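Remarks on the structure that follows.
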Amino acid sequence: MPLGAAKTCMFFKDGRMKSAYFAAFLAATAVPALAEQPVTLNFVAEIGGAAFDCSQSYDHLGATHAQMNVTDFRLFVQDAALIRADGSQQPITLTANDWQHENVTLLDFENGAGHCAGTGNAPMNTVITGEVPEGDYIGVSLTLGVPFALNHIDPTLASAPLNTTGMFWTWQNGFRFLRIDFAPAGGTPMAHEGHGGHSDHGNASGWYLHLGSTQCAAASQTEAPSACVFPNRTTASFTSFDPATQVIVVDPAPVLRDADVTVNAPDTSPGCMSFPGDADCDSVIPKLGLAYGDHPAEAQQLFSIR
């Protein structure tokens, strides 16, 4: 028995002193809780290496090096964590605000102006903020997506940022984890536009990159599913990252490198909206780190660090 414990037991003969000395003993031997340290992950949106701005047009996009405008640029990130030297991960406890709820954050790079007018709105968010226990961390990990338990809810009753209806599909399919909308610069019409049953854009005149869960088993479009055949959440991890000096870059240009963003496959949703059987997704979804049809997953190319 440790000396301190034996010494305390001597006082246990006096019932009046027993509880006081026992409490003092517990206090003296308790392991102190680790202090928390704040952490901020800064994100930068780019298109082909150029800073994203709703008022700009961008050249050399996709397989045909098209010139395009970007009309929306938003995404959800879940399960952000810092990585220790031993490879273990420490989840970031998120700061509660209008952009973060439980373990999910909405990153919004559009400002509702320029080419983004009529699609988004003025408020923007380019950070994930929270706390981790004090310690040494060498990297970062994050997942593009919304957790299943939060993904299939009524957005009109949800807490911010899950009340962002512009990022929602249906209760069955849940949220768009990623929404980047393109339109031809100069108003050039899209070729061979076909609009299948998955489209929610009517007579769209652009090419859209939307990622979300698909083939979700539910009785109807307005009921939460029990599961999804294709959850379509993808994780990016970087084992060398310092949040104090580096940023996480989000750039869809490498993802679209082999896609023709001037043409839409007939009888499908505009661009690539994740649904099975869309030829426009064949070269795109794999570059997000996910398998698609007969096309195996590649290393994700949406996120990088600088």
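The values are calculated or read from the model by the stated rules, or taken from the named source; none is laboratory data. As the structure is a computational prediction, the values presented were derived from the model and not from experiment. Don't worry about glycine lacking a Cβ; one is built from the backbone with ideal geometry, like all the others, and counts go over all protein chains shown.
Structural remarks
- Scanning the range 258-301 for residues that are part of a loop (DSSP other than H, G, I, E, B), buried (at least 21 other Cβ atoms within 10 Å of the Cβ) and touching a helix residue (DSSP H, G or I) at 6+ places or on another chain (Cβ under 7 Å) yields Ala259, Asn264, Thr268, Gly271, Ser274.
- Only one of Ser220, Ser283, Ser269 that is out of contact with any Asp or Glu (no Cβ under 8 Å at 6 or more places or on another chain) and either outside the structural domain of Leu75 (by TED's automatic domain parsing) or small (Gly, Ala, Ser) (or both): Ser220
- Against the list (1) in contact with a helix residue (DSSP H, G or I) (Cβ under 8 Å, 6 or more places away or on another chain); (2) not in a loop (DSSP other than H, G, I, E, B), the condition Thr235 fails is (1).
- Selected residue (only one of Ser304, Ser240 is in a strand (DSSP E or B), under 24 Å from Ala51 (Cα atoms) and either of a type in the set (Ser, Thr, Tyr) or not assigned by TED's automatic domain parsing to the domain that holds Gln67 (or both)): Ser304
- Test: Ala80 is without any contact (Cβ under 8 Å) to a residue 24 or more places away in the chain and in the same structural domain as Ala160 (by TED's automatic domain parsing): no
- Checked against (1) among the aromatic types (Phe, Trp, Tyr); (2) in contact (Cβ under 8 Å) with a residue 40 or more places away in the chain; (3) within 29 Å of Met68 (Cβ to Cβ), Phe148 meets all criteria but (3).
- Extreme residue, nearest to Ala51 (Cα to Cα), among residues of the range 138-176 that are touching a Pro at 6+ places or on another chain (Cβ under 9 Å) and surrounded by fewer than 19 Cβ atoms within 10 Å (Cβ to Cβ): Thr165
Conditions (1) at pLDDT 95 or above; (2) over 28 Å from the mean Cα position of the chain (by Cα); (3) aromatic (Phe, Trp, Tyr), marked per residue:
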site: Phe12; (1), (2), (3): no, yes, yes
site: Val31; (1), (2), (3): no, yes, no
site: His65; (1), (2), (3): yes, no, no
site: Gln100; (1), (2), (3): yes, no, no
site: Phe109; (1), (2), (3): yes, no, yes
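- Those strands (runs of 3 or more DSSP E) of the range 51-126 in which 1 or more residues are on the phi > 0 side of the Ramachandran plot and surrounded by fewer than 23 Cβ atoms within 10 Å (Cβ to Cβ) occupy 57-61, 66-83.
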